[in-house]
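What follows is a short report on a single structure.
The values are calculated or read from the model by the stated rules, or taken from the named source; none is laboratory data. As the structure is a prediction and not an experimental result, all values here were calculated from the model. Neighbour counts are summed over all protein chains in view; Cβ atoms, including those assigned to glycine, are modelled from backbone coordinates with ideal geometry. We work out accessible area using only protein heavy atoms, side chains counted, and drop any ligands, DNA or RNA first. Shrake-Rupley method; radii C 1.70, N 1.55, O 1.52, S 1.80 Å.
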Amino acid sequence: MRAAPIPNPTLTLVSCCCCRFASPKCVPSAIPNPRFRFGASSAPLRSVSVSTPVASASSSAAEEPSSPITATSRRRLILLRHAESVWGGRFTRDHDRPLSEVGRSNAISISQKLEQMGWIPELILSSDATRTKETLEILRENIKGLNQAKVHFIPSFYSIAAMDGQTAEHLQKAICEFSTDEILTVMCMGHNKGWEEAASMLSGDTVELKTCNAALLEASGRSWIEAFSAAGLGGWKLHGILKP
């Protein structure tokens, strides 16, 4: 039995779903695709850019001893869709569209709410599209300590989001490849329809992610591999949808 989310004025559970890439009749479902094999192996992921922490690992360790990893260690996963972007000109590729003024304002707002809730990622995996990079840049400017998080830009996050039933598995593989057991909070930044589809499949709820919305998910395990294995599809706790 899934525990009910703790009421929070900034969190809203939703019951409908839509996507920009799909046709008007396309509605992502929380029911797994029969062809979808969670945890199946695939080709290695490619990261084109890595941002290292500002503070050294030795100084951080000296200041705050790491907590022991236990079977009940909570693993928090933030699935954040990029902020609103402009449509661009005739010769602007979709991949290169920048944020709109509304998008920039929303990114600042979501930054403040993530910080207030204490959901600060230690690892960030992001699409390399311009609008996701600009969203991340604003988050790093407004969330104290976020510059210490490791960042990987993964080109496949842009294309996988348009493919039916593949994003959840792809995110699992990326998280398990780039994280360590000591990292307890990971944020994946990308696009619809894949991001809300992945949130729906992992939680078992029907999730809608508008621009700059974040699904807050949680599972337990001594490692990310164990957390994904134990929770499976539908077993991640959905705390809610964080909105600007």
- Task: Work out how much length residue 182 to residue 144 would gain on full extension: take 0.36 nm times their residue separation and subtract the Cα-Cα distance, in nm to one decimal.
- Result: 11.7 nm
- Item | trypsin sites (Lys or Arg not before Pro) restricted to DSSP loop in region 82-121 with at most 10 other C-beta within 10 Å | 90, 93
- Message: Run the simple label-point estimate for residue 230 and residue 74 please: 7 Å along Cα→C-beta, distance reported in nm.
- Response: 1.4 nm
- Item | Above-threshold pairs, the threshold being 23 Å between Cα atoms, out of 113/210; 144/173; 133/193; 113/150; 173/243; 193/243 | 144/173; 173/243
- Item | Placed amide H near residue 220: partners under 5 Å, 5+ positions off or other chain | 75
- Query: Exactly which GluC sites (Glu not before Pro) in region 157-188 are in a DSSP loop and have at most 13 other Cβ atoms within 10 Å?
  - Reply: 182
- Put 91, 153 in order of accessible area, largest first, probe 1.4 Å, and you get 91, 153
- Message: Once you compute Rg and the Kirkwood Rh from C-alpha atoms, what is the Rg to Rh ratio for region 103-179?
- Response: 0.98
- Item | For region 217-231, Karplus couplings with θ = phi - 60° (6.51, -1.76, 1.60), whole Hz, Gly/Pro x | 10, 8, 8, 10, x, 6, 8, 5, 4, 5, 5, 5, 5, 6, 7
- In region 132-165, what trypsin sites (Lys or Arg not before Pro) fall in a loop by DSSP, with at most 14 other Cβ atoms inside 10 Å? 144
- When only C-alpha pairs under 8 Å and at least 6 residues apart count, what is the relative contact order of region 134-244, in percent? 23 percent
- How far apart, in nm, are two points set 7 Å out from the Cα along the Cα-to-Cβ line at residue 86 and at residue 164? 3.6 nm
- ³J(HN,Hα), Karplus 6.51/-1.76/1.60, whole Hz, each residue of region 152-158, x for Gly, Pro: 10, 9, 10, x, 5, 5, 6
- Just by accessible area at a 1.4 angstrom probe, what is the order of 108, 78, 120 from largest to smallest? 108, 120, 78
- Note on the structure: Length gained if residue 115 through residue 220 is fully extended, taking 0.36 nm per residue and subtracting the Cα-Cα distance, is 35.6 nm
- Apply the Karplus parameterisation 6.51 cos²θ - 1.76 cosθ + 1.60, with θ equal to phi minus 60°, to every residue of region 117-129 and state each ³J(HN,Hα) to the nearest whole Hz, in sequence, with x for glycine and proline. 7, x, 8, 9, x, 9, 9, 10, 10, 9, 4, 8, 5
